[in-house]
Structures are given as C-alpha cells and as structure tokens.
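Each reported figure results from applying straightforward, stated rules to the coordinates on display, with no laboratory input. This structure is a prediction, so every number in the text was calculated from the model and none was measured. Please note: Cβ atoms are built from the backbone with ideal geometry, for glycine as well, and neighbour counts cover all protein chains shown.
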Amino acid sequence: MGESPAACERSIDPRVVFGLVGKMPCLEVLDVRYIYDRMPYPYEADVNRHHSRPFEGPRRDGRIDAAKTTAEVGGRRVLKHVTILFGDIEALFRMDQSVALPDLVSPSTFDPLSTALRVYSQQLVSLELLGCVDQTLFWPGDGEDGTEPFWHG
C-alpha cells in the first residue's frame with residue numbers, strides 16, 4: 001500500500017481554529033477544509049500498523065480543549081455558515097475497520113466536541129462536518145447538562 005499520506009503532514013490542534021474564531025467577532029463564514037484527524041492507516045504488516053498508530057492522548061486532549069474553547073467563544077450570531085472537515089473522505093475509505101478506533105472521549109462518556117458543536121450549530125444556517133462525532137452532536141447525552149436543542153429554520 002505504500003507510505004502513509006500523513007507521513008509529511010503535521011496536525012493542527014482543533015482548539016486553534018475555534019480560538020481564532022473567538023478573535024474574529026464579525027466572521028460570517030468559517031470554512032476549514034482540513035483539520036488533520038489521523039485515523040489508523042491500513043498497513044499490511046502488523047508491525048507497521050502497531051508503530052504507525054496515532055497516539056490518542058493528544059487527540060483526545062485537543063478535542064476536549066476545542067470543546068472548552070467553543071463553549072467560551074459561545075454562539076456567534078454573525079457566524080452563519082460553517083464547514084469543518086477533520087481529514088478527508090478518502091481516509092475513511094482506507095480506514096482499517098478491523099482496528100479499534102482510538103478512545104477520544106475518556107474520562108467522559110460522550111464526546112465533548114460533538115456536544116459543543118451541537119450547541120454552537122443551533123444558530124447556524126448551514127453546517128458541513130466530516131469527522132468522528134457521536135450522538136451528542138444531535139441530542140444531549142445521559143448525564144449531560146443541556147437544554148433541549150432547537151435549530152432555527
């Protein structure tokens with residue numbers, strides 16, 4: 001299968017994107033086509049799969065920090081259209097379904113970034129999202145403090 005396409009790429013912490021949004025109060029459109037969220041690459045040799053597996057700790061911390069930053073920034077009434085792509089669709093097709101996905105939510109039972117995006121999206125006109133999310137993107141999870149979601153027309 002060759003070398004992983006991620007071999008020469010560096011990831012951007014998603015918290016950076018949401019922090020920058022907080023610094024631009026008049027932003028109307030956020031179009032982030034590539035926040036690199038590395039998935040396990042389907043190497044044929046087990047040893048390559050083991051040593052190339054992305055460590056989940058920094059990814060999990062980045063998602064938790066991004067959720068906190070999103071909550072701090074709050075819903076921007078001016079921001080109406082958001083596109084956030086964590087990786088590319090081809091990476092999902094190449095993903096090895098036999099390898100367990102990384103744990104991106106511990107110690108919580110739900111994904112804090114999905115929750116933050118749900119709250120944030122309620123004031124948007126459009127949201128295009130590609131990435132690992134859970135059901136709290138659409139509805140509050142068990143044990144989560146949250147009001148019933150409402151999206152305006």
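Points to keep in mind about this one:
- Each residue, Ser98 and Glu128, gets one label point 7 Å from its Cα in the Cβ direction; the gap between the two is 3.5 nm.
- Taking 0.36 nm per residue of separation and subtracting the Cα-Cα distance, full extension of the segment from Asp88 to Thr147 would add 18.0 nm.
- Computed lengthening from Lys80 to Arg33, 0.36 nm per intervening residue step minus Cα-Cα distance: 15.3 nm
- Spin-label pair Cys26/Trp139, simplified geometry with 7 Å Cα→Cβ offset, distance in nm: 4.1 nm
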